[in-house]
Structure formats: structure tokens, C-alpha cells
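Here the structure is laid out as C-alpha cells; the discussion comes afterwards.
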Amino acid sequence: MLPLVMVDSGNQISNGYVDFHGVYQNMVETSLARPAEAEIGASWWRSGDQVELLVEIKNLRPTPLENAWVVAIVYEENHIKVTNRFGRAEVVRPVSLWLPNEVRTIIMTSDPLTGVDWDKLRVVVLVEYYHEDEGAYDMLQAAPAMRVAPSLSVSPESLTFLVDPDDVDDQEATVQVLGGGFAEWTATTDRPWLRIAPTTGNLLGQPQVTIDKSVLNPGWQQGIVTFTATDAAFSDTVAVRAYLGEVKRL
């Protein structure tokens with residue numbers, strides 16, 4: 001019985017009997033011998049009854065792409081009906097003008113899944129595009145997505161600022177939002193002199209913490225920046241200490 005999902009083999013079909021083992025082996029070996037035209041890094045996690053993915057893709061083609069799609073195939077490694085693998089969902093995202101060596105970061109979410117064994121769920125991500133001159137589809141690359149555990153952390157855990165009243169510019173520092181299993185976060189501060197920008201972002205975000213000395217009192221002060229996943233299941237904080245006063249310069 002033929003599979004219901006075929007990756008990079010839809011251009012080879014047959015009516016009547018063929019040596020399916022030999023035909024499919026040849027298709028696999030031919031695909032493996034082709035140079036990859038994209039780099040794919042993907043991770044996925046369970047969010048309620050949905051699969052969420054964070055996909056980073058680099059276009060390795062020497063020419064721009066205008067008709068490309070990122071496809072995530074969600075399947076279950078389980079004997080269901082007549083096969084040992086069973087397709088559960090497909091998520092498709094179009095990609096607009098995509099320049100050579102350009103990296104795109106895409107967040108994808110499946111429809112709700114019911115009756116699945118989450119421990120046996122798998123995800124593969126592929127990128128395909130349309131050959132206008134040939135009137136056919138082709139695939140840049142495919143890769144399995146790695147399952148990650150939900151979490152959220154921020155680095156570094158604390159920041160210290162020494163602010164000179166004579167400084168013209170406000171001081172700032174970059175923090176890195178880390179972890180897996182969440183797609184978006186929001187950030188808040190508990191002091192008027194403590195600012196964060198942007199206040200929302202995704203897993204790859206690098207927000208800036210800024211000290212507004214115009215509302216900073218003399219001496220030492222402390223504040224907290226709190227980062228929270230949009231589903232409120234995970235959060236982390238950055239402790240900030242700021243000192244306003246004369247700073248001796250070496």
C-alpha cells in the first residue's frame with residue numbers, strides 16, 4: 001500500500017506493478033546525493049492539544065525565491081490502521097521574496113490534535129518551491145524537528161549600572177531570552193527608571209534594558225524586569241541595580 005505522504009518523490013509515479021523497494025531506494029539515494037539548497041533548524045513542543053514549531057531556515061540558492069513554502073508534517077510513529085506511521089497534521093506557511101543567504105525565522109502552529117500518543121509524535125519540516133519555467137515543484141531541503149521541553153530563562157540573571165549624572169546618553173544592556181517550548185513573551189518592569197524594549201518578542205529576542213537617569217534618584221536603587229511566556233506558564237526575572245552619583249574614571 002502506497003504511503004499517503006511522500007516527500008521529494010511525487011514526481012515518480014507508476015501505473016501497474018513495479019519493484020517498489022528498488023524504486024523507493026533509488027529515489028532516496030538520488031535525493032541524498034543532491035546538494036542541499038537550504039539549511040533547516042527546527043524545534044517543536046506541545047502547547048495544550050497543539051504542536052508549535054520554531055523554524056529557522058537559510059536560503060542557499062544563488063537566486064531569490066518568490067514561490068516557496070515551509071511545510072511541517074506531524075505524524076505518529078505508531079501502528080494505526082494499516083501502517084506504522086500515521087499522518088496527524090500538516091502546517092503550511094508561504095514565504096515571500098527570499099534572498100540568497102537570507103535567514104528566515106518562522107513560528108508555526110498545528111490545528112488541535114485528538115486521540116494522539118504524544119510520546120510517539122514526530123515532526124518533519126521541509127521547504128519546497130515552484131519552478132515557473134518548468135511548471136513543477138521542487139524541494140530545497142527537509143529535516144526532522146527536535147522536540148524540546150517548555151521552559152523560559154533570561155541571561156544574565158542580574159545587571160549593575162553605574163550612572164554618572166554628567167553622561168549625555170542613557171545606559172543600556174542586552175539580555176538574551178532562552179529556552180524552548182514557548183513562542184512569545186512579554187516583559188514588564190517595576191520601577192519608572194527601568195525600561196525594556198521591545199516589551200514583546202519571541203525565542204530569539206534580544207531586548208535592551210535601559211536606565212532612564214532623568215527619574216533615577218541619587219545612590220543605589222534596585223528593580224526587576226520580569227519576562228513571562230504568553231501562556232503565563234513560565235517566567236524568569238533579571239535583577240537590576242543602578243547607582244546614580246559621581247563616577248570616578250580611570
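Scanning the range 109-139 for residues that are in a strand (DSSP E or B), modelled with pLDDT of 90 or more and hydrophobic (A, V, I, L, M, F, W, C) gives Leu121, Val123, Val124, Val125, Leu126, Val127. Within the range 190-205, being part of a strand (DSSP E or B) and either open to solvent by 70 Å² or more (accessible area, probe 1.4 Å) or in contact (Cβ under 8 Å) with a residue 40 or more places away in the chain (or both) holds for Leu194, Arg195, Thr200, Asn202. Taking the range 95-144 as the range and being in contact (Cβ under 8 Å) with a residue 60 or more places away in the chain, charged (D, E, K, R), under 27 Å from Arg46 (Cβ atoms) and surrounded by fewer than 19 Cβ atoms within 10 Å (Cβ to Cβ) as the test, only Asp111 passes. Filtering Glu37, Glu102, Glu77 for residues that are more than 24 Å from Ala136 (Cα to Cα), in contact with a strand residue (DSSP E or B) (Cβ under 6 Å, 6 or more places away or on another chain) and of a type in the set (Asp, Glu) leaves a single hit, Glu77. For the range 75-94, the candidate set comprises residues that are among the basic types (Lys, Arg) and more than 11 Å from Val116 (Cβ to Cβ); within that set, the residue that is least open to solvent (accessible area, probe 1.4 Å) is Arg93. Tell me, which residue of the range 206-230 that is hydrophobic (A, V, I, L, M, F, W, C) and open to solvent by less than 40 Å² (accessible area, probe 1.4 Å) is modelled with the lowest pLDDT? Of everything passing the filter in the range 206-230, Ala229 is modelled with the lowest pLDDT. Restricting attention to the range 153-173, does a residue exist that is open to solvent by less than 40 Å² (accessible area, probe 1.4 Å), within 30 Å of Trp45 (Cα to Cα) and either touching a helix residue (DSSP H, G or I) at 6+ places or on another chain (Cβ under 7 Å) or outside any strand (DSSP E or B) (or both)? Within the range 153-173 (the criterion being open to solvent by less than 40 Å² (accessible area, probe 1.4 Å), within 30 Å of Trp45 (Cα to Cα) and either touching a helix residue (DSSP H, G or I) at 6+ places or on another chain (Cβ under 7 Å) or outside any strand (DSSP E or B) (or both)), the answer is no, since none of the residues qualifies. Checked against the criterion of being open to solvent by less than 60 Å² (accessible area, probe 1.4 Å), in a loop (DSSP other than H, G, I, E, B), at pLDDT 85 or above and not hydroxyl-bearing (Ser, Thr, Tyr), the range 232-241 contains not a single residue that satisfies it.
The values are calculated or read from the model by the stated rules, or taken from the named source; none is laboratory data. Every value quoted in this text rests on a predicted model; they were computed, and no experiment measured them. Counting neighbours? That spans all protein chains shown, and the Cβs are built from the backbone with ideal geometry, glycine included. When the accessible area is computed, the model is the full protein with side chains, heavy atoms only, and any ligands, DNA or RNA have been set aside. Shrake-Rupley method; radii C 1.70, N 1.55, O 1.52, S 1.80 Å.
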